[in-house]
1. Rounded to the nearest 5, what is the percent of antiparallel bridges among the DSSP beta bridges in segment 202-357?
2. Sort out for me the Cα centre separation of segment 250-269 from segment 219-235, rounded to whole Å.
3. Using a 1.4 Å probe on the protein chains only, how many percent of the accessible area of the chain belongs to carbon and sulfur?
4. Can you grab the distance from the C-alpha centre of segment 94-116 to the C-alpha centre of segment 280-357, Å, no decimals?
5. With θ set to phi - 60° and the Karplus curve 6.51 cos²θ - 1.76 cosθ + 1.60, what are the ³J(HN,Hα) couplings of segment 316-326 in order, to the nearest whole Hz, using x for Gly and Pro?
6. Return the single residue from E235, E290, E105 with maximal mean-square fluctuation; model: Gaussian network over the chain, springs between Cα atoms under 10 Å.
7. Running a GNM on the chain with Cα contacts under 10 Å, which residue among N204, N321, N250 ends up with the highest mean-square fluctuation?
8. Beyond 28 Å, what share of the Cα-Cα pairs of the chain is found? Please give it as a whole percent.
Amino acid sequence: MAKKKLNRRQQWRVDKVHEERTNRAQKRERDISRQMQAGDLSEEQQGTVIAHFGQLLDIEALEGEDKGKIHRCHVRSNIDSLVTGDKVIWRSGKDLTGVIEARVERETLLQRPDNFGNLKPVAANIDYIVIVIAPEPEPFQGLIDRYIVAAETVGIPPVVLLNKTDLLTDENRKPIDEMMDLYESLGYQTIRASVKTPKNENGNEGMSELLAWLDEHTSVFVGQSGVGKSSLIQELLPEHDIRVGDLSENTRKGTHTTTTAKLFHLPSGGDLVDSPGIREFGLWHIGEQELLEGFVEFRPHLGLCRFRDCRHQNEPKCAINDAVISGEITERRMNSYRRIKNAIEEQHARGLTVRDK
Ligand SMILES: Nc1nc2c(ncn2[C@@H]2O[C@H](COP(=O)(O)OP(=O)(O)OP(=O)(O)O)[C@@H](O)[C@H]2O)c(=O)[nH]1
Ligand SMILES: [Mg+2]
Ligand SMILES: [Zn+2]
């Protein structure tokens with residue numbers, strides 16, 4: 001797509017925004033220097049990014065007398081994007097403020113492209129990606145598979161969590177059971193839970209199993225808006241006050257209640273990241289081979305097609321198609337793969353490519 005040239009007025013506006021941004025960054029740096037000269041900033045220490053609010057981040061102190069306390073911090077302008085779960089080097093300031101000096105190398109990073117082709121981090125240093133689905137809003141297999149491909153690509157094990165089991169009915173039970181069975185048969189951990197069942201000695205349904213899974217790990221809850229990610233976290237952490245939102249009366253979809261990813265500590269030692277619900281999960285940063293490998297059951301068949309450049313459509317002796325015929329690969333997953341592949345190709349054809357940020 002050819003870019004339209006900006007007219008003078010538009011260019012002036014772009015320059016002005018840029019100038020204002022530069023001025024703000026310079027002012028921030030001056031404020032930081034002033035605080036340092038006044039001896040208001042502590043020595044460098046380690047911290048964790050708990051949440052992100054525009055230019056400011058909530059940092060939890062991991063050492064010193066402030067250990068466990070949360071400071072709202074500025075970031076030095078030379079640090080690239082930070083995300084919930086990042087470990088940082090920072091200095092604490094007066095009144096629970098501070099300055100982030102550097103980012104510690106990440107162990108893992110879940111990211112996705114936004115609508116403009118910028119690759120955005122979702123959460124860092126994560127051990128499990130918990131894909132939350134529910135009978136309402138209705139689950140889309142395509143979205144689950146996209147999350148799984150993203151998880152497989154970065155090497156973070158995905159877990160499929162069916163929440164709101166209290167809403168299972170004679171009508172929706174069968175398709176949802178089939179979906180859960182499919183992921184279980186592929187070797188993925190599945191969990192069923194509800195925050196609205198009558199409590200027994202272990203709390204609501206599935207909560208003790210969920211807690212056991214989350215124990216001593218860092219997990220991020222992802223999925224559509226309204227599936228109950230925040231509700232589950234609220235149930236696990238009753239002493240916190242976490243916002244949950246009703247589904248829309250008309251569409252029975254979520255209302256995008258959580259707006260920024262936030263990290264919580266479990267009393268047992270694990271960490272949990274609540275993330276904002278999404279409509280779609282773009283995968284255009286994923287290569288053709290990565291997409292194929294993102295479907296775990298395809299892996300034994302890769303590289304065995306007659307043609308080296310096989311597109312796994314109607315070619316003769318295609319190992320992937322043969323595996324569909326023999327039942328080793330389900331039609332459902334093959335269709336899902338095709339849909340994702342087409343969507344990625346369509347995005348590329350429209351000139352959308354991903355800029356790593
Ligand atoms: N029946 C039933 N309703 C639930 C359950 N868990 C959550 N809900 C309801 O589902 C709605 C959405 O819950 P949230 O926790 O805000 O959903 P979310 O996934 O965090 O949504 P976003 O923050 O928008 O991404 C609320 O009205 C909850 O009360 C459950 O187990 N059973
Ligand atoms: Mg939420
Ligand atoms: Zn093939």
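The values are calculated or read from the model by the stated rules, or taken from the named source; none is laboratory data. Keep in mind it's a predicted model, so treat the numbers as computed, not measured. So basically every Cβ, Gly included, is an ideal-geometry build from the backbone, and we count neighbours across all protein chains shown. Heavy atoms of the whole protein, side chains included, go into the accessibility calculation; ligands, DNA and RNA do not. Shrake-Rupley method; radii C 1.70, N 1.55, O 1.52, S 1.80 Å.
1. Details: 4 of 8 bridges.
Taking every DSSP beta bridge with both residues in segment 202-357, the antiparallel ones total about 50 percent.
2. About 5 Å separates the Cα centre of segment 250-269 from the one of segment 219-235.
3. Details: 9410 of 19870 Å².
Roughly 47 percent of what the probe reaches on the chain is carbon or sulfur.
4. Computed from Cα coordinates, the inter-centre distance equals 32 Å.
5. Result, ordered by residue: x, 6, 8, 5, 6, 4, 4, 5, 5, 4, 7 Hz.
6. E105
7. N250
8. Working: 33634 of 63546 pairs.
Of all Cα-Cα pairs in the chain, 53 percent lie more than 28 Å apart.
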